[in-house]
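To start, the structure under review is shown below, and the notes come after it.
The values are calculated or read from the model by the stated rules, or taken from the named source; none is laboratory data. Quick caveat, the model's predicted, so the values are computed rather than measured. Every residue, glycine as well, gets a Cβ built from its backbone with ideal geometry; the counts of neighbours run over all protein chains shown.
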Amino acid sequence: MHNPLRSEADAFRWVVTIGVAAVAVIALTLLTRPVFGVVLAAALLGFGAGIAYRSSRGSERGPVELTRGRDGRHRVLVVANETVGGEALLEEIRERCREKDCEIFVLTPALAGSRAAHWASDVDEAIELARQRMELSLIAIKELGLKAKGEIGDSDPNVAIEDALRTFPADEIVISTHPPQRSRWLEGGVVERARERIDLPLTHVVVDVAAERSVS
Amino acid sequence: MESATVALGHGHEEHHGPPEANQSSRIDRQTLGILLFIVSEVMLFGAFFASYFFLRVVVNPSEWPPHPYELPVAVAGINTAILVSSSFTIHYALESIRRGNRAGLKLGLVLTWLLGATFLFIQINEYVHIGFSDRDLAFGSIFYGLTGLHGAHVFVGLLLLSFATIRAFRGHFGPAAKDHLGVEVPGIYWHFVDVMWLIVYTAVYIL
């Protein structure tokens, strides 16, 4: 969901828009009869509500802004939460970085238990769990001989990716999820939206944590 | 977004107490705070508007305003223009500091404060000369209730602008977004106050 009122500049645009609408209603009312002003006000209110709803759904957003590193190092943004320590993911990272000067950035969105918890910012426990998983995965990645750092991200994975790309000049993205029948990220279209909005190579890795545990 | 770059071996041991609050870079906490406050204010104004439209539409008196009362539409219209102008001046102040123009910031803030104070002065003058009080029918109560509620918000906005102006003259604020939140947040509030007046003026004085 896109917040249409993020800054003073946004608020000013609202003042100008509502001001123009108010002038139209006032002019029509003074030139004709109040009932015409009421009808125009209702129509403008409905139109405005429609526009606000449309923009809040994110339909007017552009592609994600990217930063680029200039030192020849290959940078991989790895996005994972519960699957962050999965063997399949580590294997993919090893493959991506074979014979390259590679840097890994592990982004672990703090998964809120519910939408209500997300809106209430009740994510302390989720952050702590994400931090623990991320730290273990950083150890595992560094054991592969790779440079790695990590960050806890927004509980919306797509927002977390956008946030991370503002500071980490990734060359490619790896998103790790549970298998389709268990993955809330896949159900929510996280990978598809990332592909649509981010102009970077993106690899989707499926990690079956339960199967890996049973094998080990 | 919270950063948790980990130094192996000792990163986690140094952390005490509950984990740091998560913050997305989508919006800073101060701006989110004023937006949530504005949401509550919209509900407050909504309650007053509900009363107003109940009186006008459901009770449906034969005359509105009731005879012999009249509302000073022209004077309030000029007052509306004054208040809306102040949105442009506060925006100018913000745009100035974003470009590092401190003189523009000060000028914009002073002009905004003066326009806001002028609006409030004219409104008080209107109350003195309007010819009815809040005890005169439900019409008087809702008129003073709605416009008075808005006037109180202008007063609070002027207080916030006063703090911002004093700080600007003391050399506070800078071009970076985090360095002028003390103007950005009152600016958002001031725009809200302007929008509410546009709605109050249109609904109460015009329609």
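Scanning region B:149-207 for residues that are within 8 Å of another protein chain (Cβ to nearest Cβ), among the charged types (D, E, K, R) and closer than 15 Å to B:L94 by Cα yields a total of 1. Residue-level check: of (1) aliphatic (A, V, I, L, M); (2) outside any helix (DSSP H, G or I); (3) at pLDDT 95 or above, B:L111 misses just (2).
Would a scan of region A:84-93 turn up a residue that is under 26 Å from A:A210 (Cα atoms), at the interface with another protein chain (Cβ under 9 Å from one of its Cβ atoms), not hydrophobic (A, V, I, L, M, F, W, C) and not in a strand (DSSP E or B)?
So in region A:84-93, the residues under 26 Å from A:A210 (Cα atoms) come out as A:84-93.
With the extra rule that they be at the interface with another protein chain (Cβ under 9 Å from one of its Cβ atoms), the set shrinks to none.
Among the residues of region A:84-93, not one is under 26 Å from A:A210 (Cα atoms), at the interface with another protein chain (Cβ under 9 Å from one of its Cβ atoms), not hydrophobic (A, V, I, L, M, F, W, C) and not in a strand (DSSP E or B), which makes the answer no.
Taking region A:118-194 as the region of interest, the helices (runs of 4 or more DSSP H) fully inside it that hold 2 or more residues being within 11 Å of chain B (Cβ to nearest Cβ) are A:124-143, A:157-167. Only one of the numbered conditions (1) more than 12 Å from every other protein chain (Cβ to nearest Cβ); (2) under 30 Å from A:H178 (Cβ atoms); (3) at pLDDT 90 or above is violated by A:G46, and that is (2). Screening A:S137, A:S114 for residues that are within 22 Å of the chain's Cα centre (by Cα) and either surrounded by fewer than 20 Cβ atoms within 10 Å (Cβ to Cβ) or modelled with pLDDT of 85 or more (or both) leaves exactly one candidate, A:S114.
Exactly one residue among B:L71, B:L83 is of a type outside the set (K, R), in contact (Cβ under 8 Å) with a residue 60 or more places away in the chain and within 11 Å of chain A (Cβ to nearest Cβ), and that residue is B:L83. Please tell me if B:G182 is closer than 20 Å to B:L44 by Cα and assigned to a helix (DSSP H, G or I). No. Taking residues in region A:163-175 that are closer than 15 Å to A:R193 by Cα and modelled with pLDDT of 90 or more, and partners anywhere that are surrounded by fewer than 19 Cβ atoms within 10 Å (Cβ to Cβ) and of a type in the set (S, T, N, Q), the pairs with Cβ atoms closer than 6 Å and at least 6 places apart or on different chains are A:V174/A:T203. Take B:G140 and tell me if it is within 14 Å of chain A (Cβ to nearest Cβ) and either more than 13 Å from the chain's Cα centre (by Cα) or hydrophobic (A, V, I, L, M, F, W, C) (or both). In short, no.
Every residue, every condition in (1) among the basic types (K, R); (2) crowded, with 16+ Cβ neighbours inside 10 Å; (3) at pLDDT below 95, yes or no:
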{"position": "B:R135", "(1), (2), (3)": "yes, no, yes"}
{"position": "B:T165", "(1), (2), (3)": "no, yes, no"}
{"position": "B:G174", "(1), (2), (3)": "no, no, yes"}
{"position": "B:H180", "(1), (2), (3)": "no, yes, yes"}
{"position": "B:W190", "(1), (2), (3)": "no, yes, no"}
{"position": "B:M196", "(1), (2), (3)": "no, yes, no"}
{"position": "B:A203", "(1), (2), (3)": "no, yes, yes"}
{"position": "B:I206", "(1), (2), (3)": "no, yes, yes"}
